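Here the structure comes first, spelled out in structure tokens, and everything after it is commentary.
The values are calculated or read from the model by the stated rules, or taken from the named source; none is laboratory data. Note that the structure is a prediction, hence the values are computed from the model and not measured. Every residue, glycine among them, receives a Cβ derived from its backbone with ideal geometry; neighbour counts consider all protein chains shown.
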Amino acid sequence: MNTDIVSELSAHFPPEAVITQPEDLFAYSYDGTPILQQLPKAVVLVTSPEEVATLLRLASKHGTPVVTRGSGTGLSGGSVPVEGSVVLCTARMNHILELDTDNLTIMVEPGVINNEVALRADSVGLFYPPDPGSMKVSTIGGNVSENSGGLRGLKYGVTRDYVMGLEVVLASGETFFTGNKCVKDVAGYSLKDLFIGSEGTLGVVTKILLKLIPRPAARKTLLVVYERMDEAAATVSAIIAAKIIPCTMEFLDRTTIRCIENYSKVGLPLDCDAILLLESDGHPAAVDEEAQRMEQIALEHGARSVSLAKDVEEATKLMTARRMAIPAMARVAPTTILEDATVPRSKLPEMVRFVQKTAEKYKLTVGTFGHFGDGNLHPTFLANERNPDEIHRVHEAVTEIFTYAVELGGTISGEHGIGLTKKTFLPGAIGEVNVRILRELKRAFDPQGILNPGKIFDRLPSAGVTTAHPTAN
Amino acid sequence: MSSSHDSLRTLDYSVVQQCMHCGFCLPTCPTYDATHLERNSPRGRIALMRAITDERMDLTRTFADEMYFCLGCLACMTACPAGVEYSQLFETSRAMIEESAVLNNPTRHWTRRLLLKGLFTRPRLLRLIGRLLYLYQASGLQNLFRRLGFVKLLPSRIQQLEPQSPTVRPKFSHQLIAPVERPRNGKIQYRVGLLTGCVQDLVFSNINRDTADVLLANGCEVHTPSVQFCCGSLHGHNGEAETSRTLAQRNLDLFDVEGLDAIITNAAGCGSHLKTYGRLLAEDKRYAERAAIWSRKCKDISEFLVQIGFRAPTAAPANLPVDKLTYHEACHLCHGQKITAQPRRILKSIPGLKLTELAESTWCCGSAGIYNIIQPEMSQQLLTRKLGHIAKTGATVVATANPGCHLQIENGAKTKGEKIHVLHPVSLLAMAYRAEAE
């Protein structure tokens, strides 16, 4: 019998589904994370839960690590292959299986792109709110595995808040469904919640049941300019104190504003310290009133100017400034290191100032933008990966930023996940007991440790990675 | 003279490094969309290029095949947040592939030599062949040969292409346009050069005439050298970097680059390449400066018309089948030159035409230069998709601004038995101006 996993894969899958050519493997050696790269042993493009089960059974038998990947847009190295691994790619499991307009749910395969779900929902007057920056590219499977957020977190929550059920294949090849279309369900532990945000370390998700909500009828957008960041922060607090929950409250700092203006000349003032982009959605009458209140509050708290979009076209124009943040900064330097330290909303000005000071200390360029409403910041370092000294300084700065975020009662990752890049910070952030429980859970689901090993925390020491047939032939 | 742009290993490293592998290009890439294989995506291709640049991988046949599977539609450049110069990477890769000869076999070698170096560098010879093809088509010989089944005697690859061979016009550009034409009435506001192209010159010389007419109607003195060289895009896109530089020099010699206000092209594929002369000849001491001026002055016709505030016509084009119109965006206009609003402005200015937007209007139609010849299967898939969207608009007129797309859509519709007229936006504008006089 043959003990080589690659030849066994070839025997069980159609030839076009198993990829081993070096040129192909190079193209699966990275995800959206800067710098990280590792060639896998093979890539399998699965098309059904049965194929996923077959692959995992074979991997278990051979003790081969399996790294699950959707579109590979992750920013913490979650889908970067580990040495000797097989990449399980869900890109071809991209069908919307059912849209249930009575129960307001949609059932999809993991390779369906986030935006496809949003568009499908929209076509029947429904709404799928989670909108990570990668929404036109990233898969729902990936969104579930990283518990992706987006711009609408404050009002609408994140991916977790829309997952009603999951079909999961375990490392053993067993397949089960957790959750259902019921709003209320307390039959046993909520296993689906364990898989959300588990970064491919507990099982492989093969079907996802998502909740949809009615589409808001109206939307209003405001762009507010401040000379001091504290005034922006005070505005945000005052808006929430006034019992208004806008769907977006985006923030741009001075460096980000300058990068955007240099690149796209959209007319942002270069001498301001902060810009807020506020959006209210819902019933037209309520939206009108909220927008007016927000404008008033902004002006009361020192805003230099407020632009209220008159129509959709103008709103799109205002949103362009925010959408330009990453492109504008990405053009400044070859390597863009995008972090996602998150703190309680009230601590945001402190955090932004700390990021700016730390960047100065390490002689680095950093632009910070993010979701002011939910405290999720994106300090973005502009560097060059071919300059090891600079990359080292980025690492030092990021370490200080994470430590400070945790001190302020925040977290090292709001929406990108731990993956490879943040695992050394995890014990400090959540504590040893928490990490021990995570490891015990991992062992319960994946005793051999073949699912995305070395992500979130280092590989499990015991319960060994054993080869089923050591030297047998 | 070779250039640092002819090899990935000598190209400025920052061009390769600019890709941050975020993946935003994936959903816009027609080949990735078809296969969902990362290697068939821009991000995957750049990863391979970088592996070659870093000498972690050899330039293999598989890489070469991959780079010829790429359409070069440049949709990825529109989607790219980091501003990666994919077109430069694409051309450099193909130049390196041709230099390495990994794809060489005698047939490919001689076909390429004959077409790229023999025919498309010699405008007079190209016109002679065009003339013979015209006589063959116009005399009825083509129909006779087809009826007699002579076509079946041809090699199978040529047999498949034979029905697609474009119909050559009875008159070429130089027989329709004088070297210098001035507006009949009104004073001269601009002096412009007009590029007549290769395919455009033989198959769509009427579009060149229409372009000249529209320019004249908008106060331009039009300079059209009677013998012009291929712009070199065919060569640049197919790994013949040196020939493409030579052709750029010849064209620079033909025009009073410093004196003209603009140099006008009406073929998107040519325009996208013509605008890179500055970069192409940046290391050429004799030509660098004029090439840079050329790059600034070279304009697509729709871009120029909108820039000068063209006169909106007051009459509807005569003899147009129906008023229902849609617009297909040539890749090298919308992605290559970022020109999207201007052609629509022109179409919307014409009385009697109702523009219905085409779904996926910026998605490649599969023509992609000579892609439909070298990758017929993928090309056909894209054409079917395009025709499906066109059918859904109910349009009977499709406007598009590139000869490749023009022929591809026209042939596709004909094969499907659909009555669709394909027209260049500038032709529609010229028709409207002419209708004013009637």
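Can you name the condition, by its number, that B:G352 falls short on among (1) under 30 Å from B:C230 (Cβ atoms); (2) part of a loop (DSSP other than H, G, I, E, B); (3) at pLDDT below 95?
Among (1) under 30 Å from B:C230 (Cβ atoms); (2) part of a loop (DSSP other than H, G, I, E, B); (3) at pLDDT below 95, the lone unmet condition for B:G352 is (1).
Go through A:V52, A:V44 for me and flag whichever is within 14 Å of another protein chain (Cβ to nearest Cβ) and not in a loop (DSSP other than H, G, I, E, B).
A:V44
Among the numbered conditions (1) on the phi < 0 side of the Ramachandran plot; (2) surrounded by fewer than 18 Cβ atoms within 10 Å (Cβ to Cβ); (3) more than 9 Å from every other protein chain (Cβ to nearest Cβ), tell me where B:S14 comes up short.
Tallying (1) on the phi < 0 side of the Ramachandran plot; (2) surrounded by fewer than 18 Cβ atoms within 10 Å (Cβ to Cβ); (3) more than 9 Å from every other protein chain (Cβ to nearest Cβ), B:S14 fails exactly one: (3).
Which residues, counting only those in the range A:252-297, are part of a helix (DSSP H, G or I) and β-branched (V, I, T)?
A:T255, A:T256, A:I257, A:I260, A:V287, A:I297
Of the conditions (1) within 9 Å of chain A (Cβ to nearest Cβ); (2) in a loop (DSSP other than H, G, I, E, B); (3) touching a helix residue (DSSP H, G or I) at 6+ places or on another chain (Cβ under 6 Å); (4) not basic (K, R), B:G83 fails just one. Which one is it?
Here B:G83 clears every test but (3).
Could you identify the single residue in B:A341, B:A430, B:A435 that is under 19 Å from B:T211 (Cα atoms) and out of contact with any helix residue (DSSP H, G or I) (no Cβ under 9 Å at 6 or more places or on another chain)? Give the derivation first.
Values: B:A341 fails: out of contact with any helix residue (DSSP H, G or I) (no Cβ under 9 Å at 6 or more places or on another chain); B:A430 fails: out of contact with any helix residue (DSSP H, G or I) (no Cβ under 9 Å at 6 or more places or on another chain).
Of B:A341, B:A430, B:A435, the one residue that is under 19 Å from B:T211 (Cα atoms) and out of contact with any helix residue (DSSP H, G or I) (no Cβ under 9 Å at 6 or more places or on another chain) is B:A435.
Within the bounds of the range B:101-108, is there any residue that is in contact (Cβ under 8 Å) with a residue 40 or more places away in the chain and either more than 10 Å from chain A (Cβ to nearest Cβ) or in a helix (DSSP H, G or I) (or both)?
Yes: one or more hits.
Taking the range B:386-438 as the region of interest, how many residues are assigned to a loop (DSSP other than H, G, I, E, B) and within 18 Å of B:A368 (Cβ to Cβ)?
3
Collect the residues in the range A:128-152 that are assigned to a loop (DSSP other than H, G, I, E, B) and either outside the structural domain of A:I208 (by TED's automatic domain parsing) or out of contact with any helix residue (DSSP H, G or I) (no Cβ under 9 Å at 6 or more places or on another chain) (or both), keeping them in residue-number order.
A:R152
Exactly one condition in (1) among the aliphatic types (A, V, I, L, M); (2) within 11 Å of the chain's Cα centre (by Cα); (3) modelled with pLDDT of 95 or more; (4) surrounded by fewer than 24 Cβ atoms within 10 Å (Cβ to Cβ) is false for A:V124; which is it?
Only one criterion in (1) among the aliphatic types (A, V, I, L, M); (2) within 11 Å of the chain's Cα centre (by Cα); (3) modelled with pLDDT of 95 or more; (4) surrounded by fewer than 24 Cβ atoms within 10 Å (Cβ to Cβ) is unmet by A:V124, namely (2).
So, in the range B:20-57, of the ones that are more than 9 Å from chain A (Cβ to nearest Cβ), under 15 Å from B:V84 (Cα atoms) and out of contact with any Ser or Thr (no Cβ under 8 Å at 6 or more places or on another chain), which residue ends up surrounded by the most Cβ atoms within 10 Å (Cβ to Cβ)?
Among those residues, the one meeting the criterion is B:P42.
Of the residues that make up the range B:241-257, is at least one modelled with pLDDT of 95 or more and in contact with a strand residue (DSSP E or B) (Cβ under 6 Å, 6 or more places away or on another chain)?
Yes, the range B:241-257 has at least one match.
Do we find that B:L114 is assigned to a helix (DSSP H, G or I), hydrophobic (A, V, I, L, M, F, W, C), within 12 Å of another protein chain (Cβ to nearest Cβ) and free of Cβ contacts under 8 Å to residues at least 24 places away in the same chain in this structure?
Judged against the criteria, B:L114 is not a match.
Return only the number of the condition from (1) part of a loop (DSSP other than H, G, I, E, B); (2) within 14 Å of chain B (Cβ to nearest Cβ) that A:E83 does not satisfy.
Here A:E83 clears every test but (2).
Please specify each residue of the range A:55-72 satisfying the condition of being surrounded by fewer than 20 Cβ atoms within 10 Å (Cβ to Cβ) and at the interface with chain B (Cβ under 9 Å from one of its Cβ atoms).
none
Could you please find all residues in the range B:187-240 being of a type in the set (K, R) and either part of a helix (DSSP H, G or I) or touching a Pro at 6+ places or on another chain (Cβ under 8 Å) (or both)?
Selection gives B:R209 alone.
Filter the range B:58-73 down to the residues that are without any contact (Cβ under 8 Å) to a residue 60 or more places away in the chain and not in a helix (DSSP H, G or I), then identify the one that is nearest to the other protein chains (Cβ to nearest Cβ).
Taking the candidates together, the pick is B:T60.
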